[in-house]
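S.K.: One structure, as structure tokens, below. Some questions next.
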Amino acid sequence: MTTPTIFTLDDLAQLANYSLMDTLNCDPHATKDGIDHRSRQVFSGHYVPVKPTPIADPEYIAHSHSFFSELGFANSLAESPDFMRLFSGDITQVPEPMRKVGWATGYALSIYGTEYIQQCPFQTGNGYGDGRAMSVLEAVINGQRWEMQLKGGGPTPYCRGADGRAVLRSSIREFLAQEHMHALGVPTSRSLSLYVSKSETVQRPWYSEGSRTENPDRMVSEAVAISTRVAPSFLRVGQIELFARRTRHNDDPAVIAELEKIVLHLIDREYADVIDQKLGLAEKVVLLAREFRGRLVSLIANWIRVGFCQGNFNSDNCAAGGFTLDYGPFGFCDVFNPYYQPWTGGGRHFSFLNQPNAAESNFGMFCSALRPLLLSYKESLQELDNVEEQFQNVMRVEMKKMWAAKLGLELEQFDYELFSELQKLMMQTPVDYTIFFRELSAIPDDIEPLKKSFYNSLNTNAKTNNKDLDKDWDEWLVKWKSLLLNSDSPRSKEEISAQMKRVNPKYILREWFVKPAYQQAQAGDYSLIKELQNVMTNPYAEQSQEVEDKYYRLKPSEFFAIGGVSHLSCSS
């Protein structure tokens, strides 16, 4: 049954259904009214009730037209006073049965399979969690549960002394990126709305114009904003880890019960369609691990397919539902580089083609967190170990499928030697990742169309004569086309080209497109945000010549090595 169009907040209120707060444990030391904004340790419970801190003088910037349509929201809702009040942080006047308090959750931190507590102000790990993100609503819409979470809604007990705010710059980046990734066919949290304060600002470190420093070189005053992100849940691997860690240090039955409870809640929220509720706990846990593994390897292959680098793929930034979560120091490849890393603090271990390894580490921590539930089930424990051990093999197959699709090949046609030659040429030349594969998708007669993707100014190859490199490209192209257009294949050249264009996008959200949008927004001009919304939610389409000239081109040389464009510190 389809929900009627939602025109008012009262209409939306009737769909409210708070499964997390109604089924999981509240922090026993929390305040009932949600006035709980000072940094403190949270020792138990799955969530802390917290009231968001509204931004002052909110102004509408944008909402996701496509997501509003999917939810059945009228577009007029985004600018209605009560909707705007709620999603700019003021939940004191929401209609019943909505609740006048939101919630924040704790989680553990693991980096590449190593547990950390050092960044916690208490040196215990009990201070990690949603420091400035708080959920304010769960609603069941057209049979699908959605959790709506404010980003930048003020401090929570997990804030670690910060101000709990997000600035306009980072809010615009996340707002645009989530809907772009959805349009690219990559599982992700979604963007609902974006509001900015007309009077409230905060100080943040950022880069001077044209700065080539690795980290920000000055403090700037920036407008605060609240974006609302939406997902079936915001449960993270780090959350499951948190409760598993507690079982190691406390044999109280209540502690293992909290772990079991959150794992079953995860299954209910994210895996109810594939895990039968009638199964026993041990069977559910093993199935959960297997299903999550499948989603995770698919997610990583999709990230690499579209040139996305998450930048900081710790366990606390890894959604247990298997989708993209947390758009902080993310970026999309311009120049192809296996070690592309947009975040100055990320290093090679979180770089572009190392993301499968980071995912494997997160999956290992997820399996470790499930093990306490299987200590009485030796057979199931062995099954879980087998699921974990097979991660690399499953990832390898998924990556092979992805690369084959980008090259237009059937899986059995994929040739590792040919692919290895391609990667080498892409780095020697070097090439623009997105433009190269899109031009290749036309199955050109020669290499001339591919040269549209070549960054000739970056060619540091010892060869002084580009004819040598052209010859290598020509030879590769002949071998690829011979494999692709094998006479035994029932697919025509046109069919293959169309298929390739469905997996190789034409338009990608490059940082040097986003920077002018947030700079103009800081001056009150939101037109470029809307333009990027339109272009980047149709990334596979052939758009107008004007759009192509503006957004389908190589990164200008003046943007290389520029702070805030080619690299950035952790977004705030």
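The values are calculated or read from the model by the stated rules, or taken from the named source; none is laboratory data. If you're wondering where the values come from, they're calculated on a predicted model, not measured in any experiment. Reconstructed Cβ throughout: ideal geometry from the backbone, glycine too, with neighbour counts over all protein chains shown.
S.K.: In the set I435, I443, which member is of a type outside the set (S, T, N, Q) and part of a loop (DSSP other than H, G, I, E, B)?
M.R.: I443
S.K.: Also, quick follow-up: Of all the residues that make up segment 507-557, how many are basic (K, R) and more than 21 Å from P342 (Cα to Cα)?
M.R.: Looking only at that region, the number is 2.
S.K.: Can you tell me how many residues within segment 100-119 are crowded, with 18+ Cβ neighbours inside 10 Å and more than 20 Å from the chain's Cα centre (by Cα)?
M.R.: 3
S.K.: May I pose another question? Just to check your reading of the model, which residue among A541, A561 is free of Cβ contacts under 8 Å to residues at least 40 places away in the same chain and either in a loop (DSSP other than H, G, I, E, B) or of a type in the set (D, E, K, R) (or both)?
M.R.: A541
S.K.: I've got another one for you. Could you list all residues from segment 398-418 that are free of Cβ contacts under 8 Å to residues at least 40 places away in the same chain and farther than 22 Å from E495 by Cβ?
M.R.: Correct list: Y416, E417.
S.K.: What number of residues within segment 321-373 satisfy the criterion of being of a type in the set (D, E), in contact with a helix residue (DSSP H, G or I) (Cβ under 6 Å, 6 or more places away or on another chain) and either in a loop (DSSP other than H, G, I, E, B) or more than 20 Å from Y107 (Cα to Cα) (or both)?
M.R.: Here the count works out to 1.
S.K.: Another question, then. Residues of segment 167-223 being under 24 Å from P58 (Cα atoms) and either part of a helix (DSSP H, G or I) or not assigned by TED's automatic domain parsing to the domain that holds S69 (or both), which ones?
M.R.: Those that are under 24 Å from P58 (Cα atoms) and either part of a helix (DSSP H, G or I) or not assigned by TED's automatic domain parsing to the domain that holds S69 (or both): L168, R169, S170, S171, I172, R173, E174, F175, L176, A177, Q178, E179.
S.K.: Can you find a residue in segment 274-296 that is among the charged types (D, E, K, R), over 25 Å from S189 (Cβ atoms), touching a Lys or Arg at 6+ places or on another chain (Cβ under 9 Å) and without any contact (Cβ under 8 Å) to a residue 24 or more places away in the chain?
M.R.: The answer is yes, given that some residue of segment 274-296 is among the charged types (D, E, K, R), over 25 Å from S189 (Cβ atoms), touching a Lys or Arg at 6+ places or on another chain (Cβ under 9 Å) and without any contact (Cβ under 8 Å) to a residue 24 or more places away in the chain.
S.K.: For segment 364-405, which positions are more than 26 Å from the chain's Cα centre (by Cα), hydrophobic (A, V, I, L, M, F, W, C) and crowded, with 17+ Cβ neighbours inside 10 Å?
M.R.: Within segment 364-405, L373, L374, L381, L384 qualify.
S.K.: Only one of E222, E200, E214, E179 is over 26 Å from T3 (Cβ atoms), touching a helix residue (DSSP H, G or I) at 6+ places or on another chain (Cβ under 8 Å) and touching a residue at least 12 places away in the same chain (Cβ under 8 Å). Can you tell me which?
M.R.: Testing whether each residue is over 26 Å from T3 (Cβ atoms), touching a helix residue (DSSP H, G or I) at 6+ places or on another chain (Cβ under 8 Å) and touching a residue at least 12 places away in the same chain (Cβ under 8 Å) leaves just E222.
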